[in-house]
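Everything on this sheet refers to the single structure shown next.
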Amino acid sequence: MASIKERLTKWKETRSLLQKSGDIIFWLLLILLIIPGPRKVISTAVNKVVLNIKNPKTIAEDNQVRLHDLDYNWVLAWGEAEPFYFSTFRDEVVFVNFWATWCPPCVAELPEIQSLYEKYGDRVAFLLVTDQSPEVVEAFMDKHGYKLPVFYRGPKTPEIFEHRSLPTTYIISRDGYIVSKKTGAANWDSKATEKIFEELLR
């Protein structure tokens, strides 16, 4: 079996400069992905690239699900402990995003959601829903300069909003139909989202 020194010598002799550069970059990335700090940064950056090609889509009308009164009875927390009733947004177009600060795809799409909120926040109800503590979330928002409405999930989330991964986003029409559901990061500040919103706001 060849020693490490022999393998290194063979690698130097048989690989071109371009191949050596590619090998070094590959191993550096692999090492960085093992370390938690850089891994999150790299993962978020990759997600930012990917989300630019992922636009939200509407669900076919026959497959759209409607929220019931019990779904609108959903109670969340606003700030430290103040209750917030989802029924406040009945008869409005609603954007609900389940997310977390530790989730790279969630972090990657937040700038897009912030831009969308700046354009439509006065006409569309935005809810960014998390299980994390207000202290953690507020520190994260302040650090990044986000001005998004964050709500804290209560003990029971309506079954209609059950999801298996983060982020998961729902767009709800004024008459209570889920017209779009997206699991994973998406390019929310896009013509596709604007088209969905404009049609629902007519």
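Any idea which of (1) among the hydroxyl-bearing types (Ser, Thr, Tyr); (2) within 30 Å of residue 60 (Cβ to Cβ); (3) assigned to a loop (DSSP other than H, G, I, E, B); (4) in contact with a helix residue (DSSP H, G or I) (Cβ under 7 Å, 6 or more places away or on another chain) is the one residue 146 doesn't satisfy?
Checking residue 146 against (1) among the hydroxyl-bearing types (Ser, Thr, Tyr); (2) within 30 Å of residue 60 (Cβ to Cβ); (3) assigned to a loop (DSSP other than H, G, I, E, B); (4) in contact with a helix residue (DSSP H, G or I) (Cβ under 7 Å, 6 or more places away or on another chain), the one that fails is (2).
Counting residues that are surrounded by 18 or more Cβ atoms within 10 Å (Cβ to Cβ), which strands (runs of 3 or more DSSP E) fully inside region 63-104 reach at least 2? So that I can check it myself, show each step before the final result.
Working: elements: 75-78, 82-85, 94-98.
The qualifying strands (runs of 3 or more DSSP E) are 94-98.
Being at pLDDT below 95, of a type in the set (A, V, I, L, M) and part of a loop (DSSP other than H, G, I, E, B) narrows it down to one of 53, 31, 25, so name that one.
After ruling out the rest, the residue left standing is 53.
Which pairs have Cβ atoms under 6 Å, sit 6 or more apart or on different chains, and link a residue in region 130-150 that is surrounded by 13 or more Cβ atoms within 10 Å (Cβ to Cβ) to one that is of a type in the set (D, E, K, R)?
134/80
Restricting attention to region 160-174, which residues are within 24 Å of residue 91 (Cα to Cα) and either of a type in the set (Gly, Ala, Ser) or touching a residue at least 12 places away in the same chain (Cβ under 8 Å) (or both)? Spell out how you get there, then give the answer.
Of all residues in region 160-174, those within 24 Å of residue 91 (Cα to Cα) come to 160-163, 168-174.
Hits for region 160-174 are 160, 161, 163, 168, 169, 170, 171, 172, 173, 174.
Could you tell me whether any residue of region 160-178 is modelled with pLDDT of 95 or more, at positive phi and surrounded by fewer than 17 Cβ atoms within 10 Å (Cβ to Cβ)?
Among the residues of region 160-178, not one is modelled with pLDDT of 95 or more, at positive phi and surrounded by fewer than 17 Cβ atoms within 10 Å (Cβ to Cβ), which makes the answer no.
The values are calculated or read from the model by the stated rules, or taken from the named source; none is laboratory data. Every value quoted in this text rests on a predicted model; they were computed, and no experiment measured them. As a convention, Cβ positions derive from the backbone with ideal geometry for all residues, glycine included, and neighbour counts pool all protein chains shown.
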